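This structure is in structure tokens; I'll ask about it shortly.
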Amino acid sequence: DQQVKQNSPSLSVQEGRISILNCDYTNSMFDYFLWYKKYPAEGPTFLISISSIKDKNEDGRFTVFLNKSAKHLSLHIVPSQPGDSAVYFCAASWNRDDKIIFGKGTRLHILP
Amino acid sequence: NAGVTQTPKFQVLKTGQSMTLQCAQDMNHEYMSWYRQDPGMGLRLIHYSVGAGITDQGEVPNGYNVSRSTTEDFPLRLLSAAPSQTSVYFCASRRSFYSNQPQHFGDGTRLSIL
């Protein structure tokens with residue numbers, strides 16, 4: 001059973017607009033969430049994270065929102081740039097365990 | 001600073017052959033892990049290590065062995081390759097056991113089993 005779900009396999013967004021990538025989780029024990037970005041032929045790279053004690057974390061153009069009651073988080077990219085075209089993985093963990101559970105990823109296409 | 005280095009980048013094997021995927025990190029990280037990425041499946045944990053001399057199984061360990069004799073190296077061994085092991089393999093490391101830390105990934109090994 002998938003504990004971390006990214007229900008949109010792909011997303012296309014116009015350059016300059018906002019990209020919103022969504023992630024749902026089922027395990028209420030998760031207390032830390034991370035987003036990774038992956039380009040073809042490269043490994044994933046860490047993008048941004050959020051602890052369950054917060055509902056928002058911002059880093060430049062990237063903001064992650066966490067809604068614990070809905071077990072939902074989203075990654076906002078504003079404004080979207082061509083270099084943002086990549087696969088984005090949502091991941092979740094809980095501090096009593098060392099394992100990180102990854103979603104299946106969403107491929108983001110930024111259109112010129 | 002090289003980070004996490006994986007070799008080889010590509011490999012083709014025949015069914016039944018064995019091989020070792022190499023992984024090395026130069027960040028003095030305690031925690032290292034191996035993932036496989038398959039189409040539509042995301043990243044799945046194969047084996048992990050919380051420090052030199054300590055390894056454990058992840059979600060999909062069957063058909064793979066690991067060892068951790070040094071902090072820097074964490075090789076993944078395929079004992080008898082099967083077509084189901086065709087995948088992209090990623091090695092990752094992070095500073096410690098605690099999962100609230102970013103992981104650093106290598107660039108992957110693309111493995112095809114014929």
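The values are calculated or read from the model by the stated rules, or taken from the named source; none is laboratory data. Fair warning: this is a prediction, and the values are worked out from it, not measured in the lab. Every residue, glycine as well, gets a Cβ built from its backbone with ideal geometry; the counts of neighbours run over all protein chains shown. Each accessible area value is taken on the protein alone, full model and side chains, heavy atoms only, with ligands, DNA and RNA left out. Shrake-Rupley method; radii C 1.70, N 1.55, O 1.52, S 1.80 Å.
Quick check: at a probe of 1.4 Å, how many percent of the accessible area of chain A sits on carbon and sulfur atoms?
48 percent
Can you list the residues of region A:78-111 that have at least 30 square angstrom less accessible area with all protein chains present than in their chain by itself, probe 1.4 Å?
Buried on complex formation: A:PHE89, A:ASN95, A:ASP98, A:LYS99, A:ILE100, A:PHE102, A:LYS104.
Please turn the phi angles of region A:24-29 into ³J(HN,Hα) values with the Karplus equation 6.51 cos²θ - 1.76 cosθ + 1.60 (θ = phi - 60°), one per residue in order, whole Hz, x for glycine and proline.
10, 9, 10, 8, 6, 7
While we're on this one: With label points built 7 Å along Cα→Cβ from the Cα atoms of B:SER80 and A:LEU111, find their separation and express it in nm.
Once both label points are built, they end up 5.2 nm from each other.
Oh, and also: For chain A, with only Lys/Arg (+1) and Asp/Glu (-1) charged at the beta-carbon, what is the dipole magnitude about the Cα centre, in debye rounded to 20?
Working: 13 positive and 11 negative charges, 28 e Å.
Result for chain A is approximately 140 debye, rounded to the nearest 20.
Here's another thing I want to ask about it. Per residue of region B:24-32, what does 6.51 cos²θ - 1.76 cosθ + 1.60 with θ = phi - 60° give for ³J(HN,Hα)? Whole Hz please, x for Gly and Pro, Karplus curve as stated.
Result, rounded to whole Hz: 9, 10, 10, 9, 6, 7, 6, 9, 9.
Now for a different question. Would you mind computing, in nm to one decimal, how far apart the modelled labels at B:ASN65 and B:GLN22 are, each placed 7 Å from Cα along Cα→Cβ?
My value for the distance between the label points is 1.9 nm.
Still on this structure, please answer the following. Taking accessible area as the heavy-atom solvent-accessible surface of the protein chains with a 1.4 Å probe, which residues of region B:100-114 lose no less than 20 Å² upon going from the isolated chain to the full protein assembly?
Residues losing area: B:ASN100, B:PRO102, B:GLN103, B:PHE105, B:ASP107.
Looking at B:THR7, B:HIS104, B:GLY40, which one has the Cα that reaches farthest to the positive end of the dipole of chain B (charges on Cβ: Lys, Arg +1; Asp, Glu -1)?
Ranked along the dipole, the leading option is B:GLY40.
Something else now. Let me make sure I get this right: for the protein assembly as shown, a, b and c are the square roots of the gyration tensor eigenvalues over alpha carbons, sorted descending. Under 1.5 in a/c it's rounded, otherwise prolate if a/b > b/c, else oblate. Which is it? Each step should come with its number before you reach the end.
On the way: a/c = 1.86, a/b = 1.48, b/c = 1.26.
Because a/c hits 1.5 or more and a/b exceeds b/c, the protein assembly as shown counts as prolate.
Work out the charge dipole of chain B with +1 on the Cβ of Lys and Arg and -1 on the Cβ of Asp and Glu about the Cα centre, then indicate which of B:HIS29, B:SER49, B:GLY16 is farthest towards its positive end.
B:GLY16
Still on this model: Filter A:LYS5/A:LYS54; A:LYS56/B:LYS9; A:LYS38/B:LYS14; A:LYS5/A:LYS38; A:LYS56/A:LYS99 down to the pairs with a C-alpha to C-alpha distance above 27 Å, please.
Numbers: A:LYS5/A:LYS54 21 Å; A:LYS56/B:LYS9 38 Å; A:LYS38/B:LYS14 29 Å; A:LYS5/A:LYS38 17 Å; A:LYS56/A:LYS99 23 Å.
Going by Cα-Cα distance, A:LYS56/B:LYS9; A:LYS38/B:LYS14 fall outside the 27 Å limit.
For the interface of chains B and A, what total accessible area is buried with a 1.4 Å probe, rounded to the nearest 100 Å²?
Looking at B and A, the buried total is near 1800 Å².
Ok, one more. If you line up the Cα atoms of chain A on their principal axes, what length do they span on each, largest first, in Å?
Reported extents, whole Å, longest axis first: 43, 28, 21.
Modelling each spin label as a point 7 Å along the Cα-to-Cβ direction, I'd like the B:ARG44/A:SER12 distance in nm, to one decimal.
Computed distance between label sites B:ARG44 and A:SER12 equals 3.1 nm.
Suppose accessible area is computed on protein heavy atoms with a 1.4 Å probe; arrange B:THR70, A:THR45, B:THR109 from highest to lowest.
On the way: B:THR70 45, A:THR45 75, B:THR109 0 Å².
Accessible-area ranking of B:THR70, A:THR45, B:THR109, largest first: A:THR45, B:THR70, B:THR109.
Using only the heavy atoms of the protein chains and a 1.4 Å probe, how would A:VAL64, A:VAL78 rank by accessible area, largest first?
My answer, sorted largest first, is A:VAL78, A:VAL64.
From the backbone phi of region A:72-80, what are the Karplus-calculated ³J(HN,Hα) couplings (6.51 cos²θ - 1.76 cosθ + 1.60, θ = phi - 60°) in whole Hz, Gly and Pro given as x?
9, 9, 9, 10, 10, 10, 9, x, 6
Please give the per residue accessible area of chain A, computed with a probe of 1.4 Å over protein heavy atoms only, in Å².
49 Å²
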